[in-house]
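Working notes for the structure below.
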Amino acid sequence: MSVDVSAVIVTYNSRSVIGLCLDALQRYQGEVSREVIVVDNASSDGTADMIARDYPWVKVLRRATNGGLSAAINDGVAASGGAYIMQLNPDAYFESDVTTPLSRYLREHSDVGVVAPKLLNDDGTLQLSCRAFPGYSTALFNRYSLLTKLLPGNRYSRGYLMADFDHAAERDVDWVSGAALMFSRALYDRLGGWDAGYFMFNEDVDFCRRAHDAGYRVVYEPAVSVYHSIGVSQSTSSRLVVERHRSMWRYYRKHLRSNAARDAVTAIGIVARCASVLAANAVGRVVGRRRGA
C-alpha cells in the first residue's frame, strides 16, 4: 500500500506508555495519507495484544526475540509503503498534527534527508534533542556525565549538547534524537537502512552521520513540537549498560578510528567505563535492598 507517511514505533514492554502516542496519531491525522506500524520486540507485558485489541487500525509486527531497536526499525520500514517514515518512541506524543508539516518539509527540501521536531518534557519545558557529533571528549561531557551534572555550564558540555542557542529557530544540525524524527525513503534506501549492529544507543547518531556522508542535510524544525517522556524507555539493566558501551565502540570503529595506539586507548577506556557503571549499579542495588529490608 502506497501512503504519504508511515509511522514506525518500536515497542518493548511499552504497554503503559504507548496509548498516548497511538491516541495522538489517531486524533491528529492531518492532510496526508498515513499508516501506523508497531514492531514489538518480544514484550512480556502484553503490549502487542493490547494494541491489536484496542487499536485495530495499527499494523502490529511481532518479533519472536528482542533483536534490538535498529533491526526492528528496519522490519517496520520493510513492511511500510510511505514515501516518508516517521519514527517515534512509544513514550512520545503530541497535541497537534506533526506528520503533515514534517513530510511537507521533506517534500519541499529534497536535499534534507532527516527532519526532527522540537522535543518537550511532559511539563512543556525544552528537551535538548539535537547534538554535535560525538568526539573524544564526549565521554566526559555528555548529557549524563558527572562533569556535566557538576558543571552544567562548561563549554564542552554545552557545545556537545548544542545548549547555546534558543532552539526557537530552524537549524541544520549534526544529529537529532531518534525519539521523534522523519526521514525520506530515498535516504533510507540509499543508506541501506539502520545499522542493525546497534542493539540500542547511538543508532540515531550513526544514521544521521551516514546521511551527512551521503550528501543530505539533517534539520531541526522547532515549528513542530513533540512531547517525550524521557527516561520511560531507559533502563539501568546490566544488558543495556553493556549494549550502550558496545554501541560506543561500534560508532568509534565506523566513524572515528585512526591509529592502533589511539584505538587501543579508546577500547580500554570504553571497557573501563562500562565496568565502573556496572559496579556502581551493583552497589546501588545492594544498598537499595538493605534500605528496604
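The values are calculated or read from the model by the stated rules, or taken from the named source; none is laboratory data. A quick note: this is a predicted structure, and the numbers were derived from the prediction, not measured. In this analysis, Cβ positions are derived from the backbone assuming ideal geometry, glycine residues included, and neighbour counts consider all displayed protein chains.
Residue under question is Ala52, and the condition is that it be surrounded by fewer than 21 Cβ atoms within 10 Å (Cβ to Cβ) and on the phi > 0 side of the Ramachandran plot; does it hold?
The answer is no for Ala52.
Quick one: which helices (runs of 4 or more DSSP H) sit completely within segment 3-105 and have at least 3 residues that are assigned by TED's automatic domain parsing to the domain that holds Met200 and over 19 Å from the mean Cα position of the chain (by Cα)?
Passing ranges, in order: 18-27, 47-54.
Within segment 93-131, which residues are surrounded by fewer than 17 Cβ atoms within 10 Å (Cβ to Cβ) and of a type in the set (S, T, N, Q)?
Ser96, Ser110, Asn121, Thr125
Checking the condition modelled with pLDDT under 80 and surrounded by fewer than 18 Cβ atoms within 10 Å (Cβ to Cβ), which residue from Gly269, Gly231 passes?
Working: Gly269 fails: modelled with pLDDT under 80.
Step by step, each of Gly269, Gly231 is checked, and only Gly231 is modelled with pLDDT under 80 and surrounded by fewer than 18 Cβ atoms within 10 Å (Cβ to Cβ).
Does Phe207 qualify as being out of contact with any His (no Cβ under 9 Å at 6 or more places or on another chain) and either free of Cβ contacts under 8 Å to residues at least 60 places away in the same chain or of a type outside the set (Val, Ile, Thr) (or both)? Spell out the reasoning first.
Details: out of contact with any His (no Cβ under 9 Å at 6 or more places or on another chain): yes; either free of Cβ contacts under 8 Å to residues at least 60 places away in the same chain or of a type outside the set (Val, Ile, Thr) (or both): yes.
Spelling it out, Phe207 is indeed out of contact with any His (no Cβ under 9 Å at 6 or more places or on another chain) and either free of Cβ contacts under 8 Å to residues at least 60 places away in the same chain or of a type outside the set (Val, Ile, Thr) (or both).
Quick one: in segment 18-45, of everything that is under 16 Å from Met86 (Cα atoms) and among the polar types (S, T, N, Q), which residue is surrounded by the most Cβ atoms within 10 Å (Cβ to Cβ)?
Here the answer is Ser33.
Which numbered condition in (1) touching a strand residue (DSSP E or B) at 6+ places or on another chain (Cβ under 7 Å); (2) modelled with pLDDT under 95; (3) over 23 Å from Val17 (Cα atoms) is the only one that Pro134 fails?
Result: Pro134 passes all but (1).
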